[in-house]
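Below: one structure, written as structure tokens.
The values are calculated or read from the model by the stated rules, or taken from the named source; none is laboratory data. Since the model is a prediction, treat every value here as computed from it, not as a measurement. Cβ sites come from the backbone with ideal geometry, for glycine too, and all protein chains shown count toward neighbours. Calculation scope for accessible area: heavy atoms of the full protein, side chains included, ligands and nucleic acids excluded. Shrake-Rupley method; radii C 1.70, N 1.55, O 1.52, S 1.80 Å.
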Amino acid sequence: MEVKLVTTLVACLLLSLSYGGDAQPCTVSDLAVTQTAMPGKVGGYPQFKVTVENTCICTQGDVRLECMGFNSSVNIDPAGVITSDGHNGLCSLNGGQPVHNGETVTFNYAWSRKISFKPVESTIACSAAPSPAQ
Ligand SMILES: *[C@@H]1O[C@H](CO)[C@@H](O)[C@H](O)[C@H]1NC(C)=O
């Protein structure tokens, strides 16, 4: 009896895990990145404004963006919103802090050239069942 219950629980867990992967209502590409050139210069470099919006109904944490050419010399405002992971060409957004549905993370940077930020990785956390399409 007890063994059967445990087996059932394990089976349910495995099932929900495998479904969890396939049935995600969204992906990392539901992070919308917009970038605009700002007037004026900072430290002699052109300035850009980057906005990352989570358009997924679920929370996305541990967000990693591809950020070729970005390094710690780049002037960021506010500081620490985007940090290089090292030499893998990836950056962490907001120290991995979760970005909830509809929230935006905004930062400015000044550099000799425009850097392209592309979301490549995140941890998606759905606390509630997705509501039907709005
Ligand atoms: C950042 O990159 C620039 C240009 O590629 C380079 O001149 C600079 O030394 C780098 N800074 C660091 C801290 O890696």
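If we keep just the residues of the range 113-129 that are touching a residue at least 24 places away in the same chain (Cβ under 8 Å) and in a loop (DSSP other than H, G, I, E, B), which is surrounded by the most Cβ atoms within 10 Å (Cβ to Cβ)?
Step by step, filter the range 113-129, then rank; the result is 117.
Tell me which residues, restricted to the range 64-89, are surrounded by 17 or more Cβ atoms within 10 Å (Cβ to Cβ), away from the ligand (no atom under 15 Å from the Cβ) and outside any loop (DSSP other than H, G, I, E, B).
Correct list: 64, 65.
Within the bounds of the range 51-63, is there any residue that is in a strand (DSSP E or B), out of contact with any His (no Cβ under 6 Å at 6 or more places or on another chain), away from the ligand (no atom under 16 Å from the Cβ) and open to solvent by 40 Å² or more (accessible area, probe 1.4 Å)?
Yes, that holds for at least one residue.
Please go through (1) over 20 Å from residue 112 (Cβ atoms); (2) in contact with a Phe, Trp or Tyr (Cβ under 6 Å, 6 or more places away or on another chain); (3) of a type in the set (Gly, Ala, Ser) for residue 84 and return the number of the only condition it doesn't satisfy.
The failed condition is (1).
Scan the range 94-112 and give yes if some residue there is within 16 Å of the ligand (Cβ to nearest atom) and loosely packed, with under 14 Cβ neighbours inside 10 Å, otherwise no.
Looking through the range 94-112, at least one residue is within 16 Å of the ligand (Cβ to nearest atom) and loosely packed, with under 14 Cβ neighbours inside 10 Å.
Name the one entry in 127, 122, 116 that is more than 12 Å from residue 52 (Cβ to Cβ), at pLDDT 95 or above and not hydrophobic (A, V, I, L, M, F, W, C).
Selected residue: 116, the only one of 127, 122, 116 that is more than 12 Å from residue 52 (Cβ to Cβ), at pLDDT 95 or above and not hydrophobic (A, V, I, L, M, F, W, C).
If we keep just the residues of the range 34-48 that are free of Cβ contacts under 8 Å to residues at least 24 places away in the same chain and over 23 Å from residue 65 (Cα atoms), which is most open to solvent (accessible area, probe 1.4 Å)?
39
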